[in-house]
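To keep things clear, I will list the structure first and then write my remarks on it.
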């Protein structure tokens with residue numbers, strides 16, 4: 001299961017809000033998070049009042065057992081070489097600990113062997129741990145293992161109305177459709193336009209468009 005923590009933010013506009021920040025992403029169990037990553041929205045907090053966004057530069061583990069992809073992701077690609085070597089050394093130690101299992105006296109690891117091997121047992125084949133610096137590199141890696149229909153698709157529903165009831169209705173419809181199709185929803189609120197973005201696979205987005213065409 002993916003793991004996250006609720007982090008509190010104070011926006012320059014004065015709004016105080018909380019947002020989920022992920023430290024471990026398992027797309028076998030939470031497939032919609034794959035498209036959150038591809039859309040560049042993972043660990044991005046959005047102020048509910050003014051729409052201002054802040055990206056949280058926190059490393060995380062990305063696991064896709066189906067495609068045998070396991071990566072430690074550092075969100076920045078400008079990490080100095082010395083710091084990279086220290087990260088690699090620590091990760092090797094941590095990965096060895098995950099494979100061997102906890103001896104009961106150490107802190108429980110963030111991810112367990114069964115998570116990495118999908119439904120397999122501890123004796124299953126574990127994917128090699130890749131180390132990635134920069135979210136763009138992660139997106140390229142993910143897209144490389146996906147079929148054309150599985151790659152990122154997006155759909156925008158928008159209105160220029162300033163009526164709060166109409167905007168709320170648009171968001172409700174988008175969330176209902178997203179729930180049915182296991183897509184992600186993101187709101188972009190500008191002075192003259194209100195847009196609800198839906199992110200998912202091209203297959204899912206195509207199905208959404210066909211569903212909307214019949215309404």
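So the values come out like this:
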quantity	calculated
Between the stretch 72-92 and the stretch 136-156, the alpha-carbon center distance in angstrom	24
Gain on full stretching of the segment that runs from residue 189 to residue 68 - 0.36 nm per residue minus C-alpha separation	39.8 nm
Gap separating the Cα centres of the stretch 195-215 and the stretch 30-46, nearest whole Å	17
Per-peptide average of other Cβ atoms within 10 Å, ordering 177-184, 76-83 highest first	177-184, 76-83
Highest-first arrangement of 56-69, 151-164, where packing means the average Cβ count within 10 Å	56-69, 151-164
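A short reminder: the numbers here are calculations on the coordinates, not readings from a lab. None of these values were measured; they are calculated from a predicted model. Glycine also receives a Cβ, built like all others from the backbone with ideal geometry; neighbour counts cover every protein chain displayed.
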